[in-house]
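Please treat every number below as a calculation from the coordinates, not as lab data. Model, not experiment: these values are computed from the prediction. All Cβ positions, glycine included, derive from the backbone under ideal geometry; neighbour counts span all protein chains shown.
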């Protein structure tokens, strides 16, 4: 009975870890595993998959700041044994996400006939604030009128702190 329980535990652990995606390769990285590309406010990336036989761009995705693109290639799972024998699975995730399902896919040329280009875009792009972020007491909307560009009457009592009213 213990052997069956141990085998079940190991199987569940392996299945749970099989969806791990990490910029460092996960718990047991290897060269055939998933790849993660992320963008920051000052370094936005674009990932392009190129067919080396024709020079055609098969896939191109701009990664927004604060997001990451996870790619995984599955050999011999494509729809055509000659032109597109492999399958690429991919998903856009929040930056730092280590687990998740790659719910998008497309068939692609084999590893010798494709190239991934990662390029940087110019400019600064700000990451939108997360809805799950901690609340702040110094938000612009929370400031009294006398502390904004529009201005307003100062409080009579000078000992009152800005956020005490």
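Which whole number of Å³ per residue matches the convex hull of the alpha-carbon atoms in region 20-125?
Looking at region 20-125, the number lands at 94 Å³ per residue.
What is the extension gain from residue 148 to residue 107, computed as 0.36 nm multiplied by their sequence separation minus the C-alpha to C-alpha distance, in nm to one decimal? Can you show the working numbers first?
Details: separation 41, 0.36 × 41 = 14.76 nm, distance 5.46 nm.
The residue 148-residue 107 span can extend by a further 9.3 nm.
Using a 10 Å cut-off around each Cβ, can you sort 73, 59 from fewest to most neighbouring Cβ atoms?
Values: 73 21, 59 16.
Arranged by neighbour count, lowest to highest, 73, 59 become 59, 73.
Could you work out the relative contact order of region 20-125, using alpha carbon pairs under 8 angstrom and six or more residues apart, expressed as a whole percent? Intermediate results must be reported in sequence, preceding the final value.
Details: 242 pairs, mean separation 33.1, N = 106.
Dividing the mean separation by the residue count of region 20-125 yields 31 percent.
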